[in-house]
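Presented below is the structure to which this report refers.
The values are calculated or read from the model by the stated rules, or taken from the named source; none is laboratory data. Please read all numbers here as calculations on a predicted model, not as lab measurements. Here the Cβ positions follow ideal geometry from the backbone for every residue, glycine too, while neighbour counts run over all protein chains shown.
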Protein chains: 2
Amino acid sequence: MAIRYELIKECKQTGARLGRLHTPHGIIETPIFMPVGTQATVKAMTPEELKDMQAQIILSNTYHLYLRPGHELVKEAGGLHKFMNWDRPILTDSGGFQVFSLGDLRKITEEGVEFQSHIDGSKHFLSPEKVMEIENALGADIIMAFDECAPYPADKAYVKNSLERTTRWAVRCKEAHKNTENQALFGIVQGGMYQDLREQSARELVALDFPGYSIGGLSVGEPKELMYEVLDYTTPLLPKDKPRYLMGVGSPDALIEGAIRGVDMFDCVLPTRIARNGTAMTSIGKVVIKNAKYTRDFTPLDPNCDCYCCKNYTRAYLRHLYKADEILSSRLMSTHNLHFLINLMKQVREAIMNDRLLDFRNEFFANYYGETQL
Amino acid sequence: MAIRYELIKECKQTGARLGRLHTPHGIIETPIFMPVGTQATVKAMTPEELKDMQAQIILSNTYHLYLRPGHELVKEAGGLHKFMNWDRPILTDSGGFQVFSLGDLRKITEEGVEFQSHIDGSKHFLSPEKVMEIENALGADIIMAFDECAPYPADKAYVKNSLERTTRWAVRCKEAHKNTENQALFGIVQGGMYQDLREQSARELVALDFPGYSIGGLSVGEPKELMYEVLDYTTPLLPKDKPRYLMGVGSPDALIEGAIRGVDMFDCVLPTRIARNGTAMTSIGKVVIKNAKYTRDFTPLDPNCDCYCCKNYTRAYLRHLYKADEILSSRLMSTHNLHFLINLMKQVREAIMNDRLLDFRNEFFANYYGETQL
C-alpha cells in the first residue's frame, strides 16, 4: 500500500479533520496546501526554499511533463523526485483538466482524448492506459486517474455522461496502474453541481476502493457559494479513512471553507501566479504592489508575517523590483504568498486541534477584508 | 578616509598584486570580481545567495537608480545598503557610460549631459555636481566621478578633448562630494587606445590624489589584445598604494589577464546576462544549455564545480528549465556563472600568493578551450 491516511481528530465545531498521510517520501499533515510545480519546478522557487517554508508536498502536471521534457526522459533521470531535486512527496494530476481545457484543440471519445500540443501543435492521444504509463514513469507518490471534467455551466445529461465515463476510465486506470506499491491512485469524483450526480459518482468510485478521492469539476467558474454547497453534500459521501483532495482550489477563503467541509488536500497556481503579477495575499487583505501608495511605504508587505520577504524587504523595494521587471520581484512575492497559504493551513490544523475552526475563520476574515474576489 | 588599500604581496611572475581593501562595510580581498546589481538587485539573486558564494562587494548603477526609483527615495529608505538588504560594500558607477551610450538621446556640454530617459523619454541633466548628489544619496562605499567615455574607434583629438573634460569634471566631483568620510571617490582614467593620452589622464588624476583609480574606456568594442596593451602601459602609471578598478570587464580570460597587469577590481553584467540566455562559463569552456546534445545529459553543468547548481541539478534538467522558460533556469545559471567568476578570482589570489599566476593561467586555459569569444 503506497499511502496510509491516519485520522487524528475530528473537529467538534465543523466537518474538518486533522490527519496524517503516510507516503513513500514522508508524512504529510492534513489539511494541507500543495504548491504547484507545473513543469517540474514551483515557479521562481528552489526546493530548499519550499522546505524552509514547510511545504510538505508539491503537485506537478502530467500534461506538461508528458509534452516537455517527456515522461521517458524523466524516468531515465531517475524519476521526477530526482530530476527536480525534491525528496518529499509529489502528487501528479492526470492531465484530464488540461486537455479538456484545450477546447477546439481536442476530441473526446470513449477510448480517450486526441489533442494538439499547446507548445508546437503536434498531435497526441491520451487514454487512461497512456496516462497511467506516464504517471508511473514520473513516479509521484500520489497519482490521479484520467477523468473528464465537465465545464460550468453544463446540462445534466452532459454531466451525467461525463461522470459515467470518468468511472469507466477509473476502472481502466486501476487495471493499467503498474506501481501500486509506491504510487497511490486516487479516483476523481465528478458530477458538476448536481447532488444526485455527485452521489452517483462517489458511490461508483468508492465501490472501486481507491486509496484516496479527489473532488474534481469545482472552481471552474461557478460562484464560491455553489462550490461550498457541492462540498457540503459530497465529502460526507467519501470514506473517513481515506484522504480527500479538492483540486485546483487555493484562495484563502476557499481553503478555510473547504477544510470546514472535511477536505484534506488543496492545490492551486493562484499564489505563485498572482505573485508574478505583483499581488500579495496578506493577513490584512490583498496588496497590489505596483500601486502608487506603496512608493514610499517602508513597511513589510504583511505586518503580521515572518517569511523571508517580510522580514527583509519593504513594500517600497518590492514595488521598485516589480516596476523594474526584476526576477527578484517574482521570487519575493512568490515566497510570501506560498508561505502565507502554508502557514494558513498550519493555523487551520491548530484550530481543528483546539476545536475552534469557526472562531479562527471569523478572526481571520475580520482582518482579511476585501479578499474574496481572489 | 572612507577606504584604505593594504598591499599584501606583489606577484614575482607578473604585475599582479594581492591586497585588502578596507571599507565602511567590511574588507574586500583583491583582485576581486564584483557582481552587478544594476537596479538595486543582482538579477535573479538574493543577498544571502551572493554571500553564500562569497561575493564581497557588488556594483550598482547610478543612471538606473536615479531614474527609478530615484535617489531621494533610496536615501529616505536609509540608503542603498538598507533598501536592497545588502550589508557588505557597494560600488556605484557615475552613469557616465550609460548616458554616453544613449547616442542621439543625449547632448554633451562642458556643464554636463542632457539626455532622455530610456524608460519614458523624459528629459534629464547630469552634471558632476548632480552625480555627486545622487551618489551621496545612494551611499555606496565607493563612488565614481562623472566621466566622458570616448567610443571605439575615436580619433585622437576627440579622445584628448574627452579625457581633459573628464579631468575637469573630476575636479568638480571632488569639490562637490559631500561624504568623504564614508564614501571613497575614484577618478576614472580615460585616453582611449593612445598611450600618451592615457599617460596624460593618469598624471592629471593622480595629481588630484583620489583614494582609488578606475580605468575606463576599455571593453568598448576594441580587440582584447589591444585592451591588454593599454593595461600594460596604464596600470604602472597608477600609485601602488591605491586600488585599481577596470570597469565593465568580466570574461574569465580578461579577468586573469587584467590581474596579471595589476588590476584589483573588475565588474561586468556578462555572467548574469549570458546566464539568463542559457549560457554557462565552465571549467571546460562555454556550455550553451539549450543545445540538443544536453537533452539526456544527466551530469552537472560543470564537472569541476561545487556551486549549488552543479551540486544538485543536471544539464538535462537545466535544459528543460531553459526551454520551458522557467525562472529557476535564470536563477541556477546565474548562480553558477557568478560562483565561477568569484571562485576564479579566489584561485587567482591563491596563485599570486604562491607566485604562480602564469602557471595558473596556462593550466586554466588548457581546459577552458574555445571560450575567448565570450
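Considering only region B:72-94, I want to know if a residue exists there that is away from chain A (no Cβ under 14 Å), out of contact with any strand residue (DSSP E or B) (no Cβ under 9 Å at 6 or more places or on another chain), outside any strand (DSSP E or B) and within 23 Å of residue B:188 (Cβ to Cβ).
No.
Kindly establish whether residue B:43 is out of contact with any helix residue (DSSP H, G or I) (no Cβ under 9 Å at 6 or more places or on another chain), at pLDDT 95 or above and within 14 Å of chain A (Cβ to nearest Cβ).
Taking the combined requirement at face value, the residue does not satisfy it.
If you scan region B:279-300, which residues turn out to be charged (D, E, K, R) and either farther than 18 Å from residue B:328 by Cα or touching a residue at least 40 places away in the same chain (Cβ under 8 Å) (or both)? Outline the logic, then answer.
Here is the first cut: in region B:279-300, the ones charged (D, E, K, R) are B:286, B:290, B:293, B:296-297.
Of everything in region B:279-300, those that are charged (D, E, K, R) and either farther than 18 Å from residue B:328 by Cα or touching a residue at least 40 places away in the same chain (Cβ under 8 Å) (or both) turn out to be B:286, B:293, B:296, B:297.
Quick one: is residue A:280 within 14 Å of chain B (Cβ to nearest Cβ), buried (at least 24 other Cβ atoms within 10 Å of the Cβ) and closer than 25 Å to residue A:257 by Cβ?
Judged against the criteria, residue A:280 is not a match.
Six or more apart or on different chains, Cβ atoms under 7 Å: show the pairs whose first residue is in region A:202-228 and over 16 Å from residue A:168 (Cβ atoms) and in contact (Cβ under 8 Å) with a residue 12 or more places away in the chain and whose second is charged (D, E, K, R) and surrounded by fewer than 24 Cβ atoms within 10 Å (Cβ to Cβ).
A:211/A:242; A:212/A:242; A:213/A:242; A:228/A:257; A:228/A:261
Conditions first: (1) under 30 Å from residue A:145 (Cα atoms); (2) among the aliphatic types (A, V, I, L, M); (3) more than 14 Å from every other protein chain (Cβ to nearest Cβ); (4) in contact with a Lys or Arg (Cβ under 9 Å, 6 or more places away or on another chain). Residue A:270 passes all but one, so which condition is the exception?
All conditions are met except number (4).
Take residue B:101 and decide whether it is hydroxyl-bearing (Ser, Thr, Tyr), farther than 17 Å from residue B:174 by Cα and either touching an Asp or Glu at 6+ places or on another chain (Cβ under 9 Å) or at pLDDT 95 or above (or both). Before the answer, list the steps.
Numbers: hydroxyl-bearing (Ser, Thr, Tyr): yes; farther than 17 Å from residue B:174 by Cα: yes; either touching an Asp or Glu at 6+ places or on another chain (Cβ under 9 Å) or at pLDDT 95 or above (or both): no.
Here the answer is no, as residue B:101 does not meet what is asked.
Being crowded, with 17+ Cβ neighbours inside 10 Å and farther than 17 Å from residue A:220 by Cβ is the filter here; which residues of region A:183-200 pass it?
A:183, A:184, A:185, A:186, A:187, A:200
Could we say that residue B:70 is of a type outside the set (D, E, K, R) and touching a Gly at 6+ places or on another chain (Cβ under 7 Å) here?
No, not satisfied.
If residue B:81 passes every condition in (1) over 25 Å from residue B:328 (Cα atoms); (2) in contact with a helix residue (DSSP H, G or I) (Cβ under 6 Å, 6 or more places away or on another chain); (3) in contact (Cβ under 8 Å) with a residue 40 or more places away in the chain; (4) buried (at least 20 other Cβ atoms within 10 Å of the Cβ) but one, which one does it miss?
Every condition holds for residue B:81 apart from (2).
Mind listing just one residue for me: the one in region B:301-315 that is farther than 21 Å from residue A:328 by Cβ and surrounded by fewer than 21 Cβ atoms within 10 Å (Cβ to Cβ) and, of those, nearest to the other protein chains (Cβ to nearest Cβ)? Explain how you work it out, then say what you get.
First, the residues of region B:301-315 that are farther than 21 Å from residue A:328 by Cβ: B:301-306, B:310-311, B:314-315.
Then drop every residue that is not surrounded by fewer than 21 Cβ atoms within 10 Å (Cβ to Cβ), which leaves B:303-306, B:311.
Details: B:303: 18, B:304: 20, B:305: 16, B:306: 16, B:311: 9 Å.
The qualifying residue nearest to the other protein chains (Cβ to nearest Cβ) is B:311.
Among the residues of region A:37-54, which ones are crowded, with 24+ Cβ neighbours inside 10 Å and under 15 Å from residue A:335 (Cα atoms)? Steps first, please.
Step one: list which residues in region A:37-54 are crowded, with 24+ Cβ neighbours inside 10 Å, which gives A:37, A:40-42, A:44-45.
Passing the criteria: A:37, A:41, A:42, A:44, A:45.
Return only the number of the condition from (1) farther than 28 Å from residue B:169 by Cβ; (2) touching a residue at least 12 places away in the same chain (Cβ under 8 Å); (3) part of a loop (DSSP other than H, G, I, E, B) that residue B:38 does not satisfy.
(1)
May I ask you to list the residues in region A:102-121 that are free of Cβ contacts under 8 Å to residues at least 24 places away in the same chain and of a type in the set (S, T, N, Q)?
A:109, A:116
Restricting attention to region A:124-162, report how many residues are under 30 Å from residue A:89 (Cα atoms), assigned to a helix (DSSP H, G or I) and either free of Cβ contacts under 8 Å to residues at least 12 places away in the same chain or not polar (S, T, N, Q) (or both).
Counting residues in region A:124-162 that are under 30 Å from residue A:89 (Cα atoms), assigned to a helix (DSSP H, G or I) and either free of Cβ contacts under 8 Å to residues at least 12 places away in the same chain or not polar (S, T, N, Q) (or both) gives 10.
Quick one: residue A:13 ticks every box in (1) at pLDDT below 95; (2) within 23 Å of residue B:309 (Cα to Cα); (3) not charged (D, E, K, R) except a single one, so which number is it?
So residue A:13 meets the others, but not (2).
Could you tell me whether region B:128-150 includes any residue that is over 27 Å from residue B:242 (Cα atoms) and modelled with pLDDT under 95?
Narrowing region B:128-150 to residues over 27 Å from residue B:242 (Cα atoms): none.
For region B:128-150, residues over 27 Å from residue B:242 (Cα atoms) and modelled with pLDDT under 95: absent.
If I ask for residues that are polar (S, T, N, Q), within 14 Å of chain B (Cβ to nearest Cβ) and within 19 Å of residue A:284 (Cβ to Cβ), which ones from region A:325-362 would you list?
Passing the criteria: only A:335.
Test residue A:332 against the stated conditions and say whether it is within 21 Å of residue B:68 (Cβ to Cβ), without any contact (Cβ under 8 Å) to a residue 24 or more places away in the chain, in a helix (DSSP H, G or I) and in contact with a helix residue (DSSP H, G or I) (Cβ under 9 Å, 6 or more places away or on another chain).
Considered against the rule, which asks whether it is within 21 Å of residue B:68 (Cβ to Cβ), without any contact (Cβ under 8 Å) to a residue 24 or more places away in the chain, in a helix (DSSP H, G or I) and in contact with a helix residue (DSSP H, G or I) (Cβ under 9 Å, 6 or more places away or on another chain), residue A:332 comes out as no.
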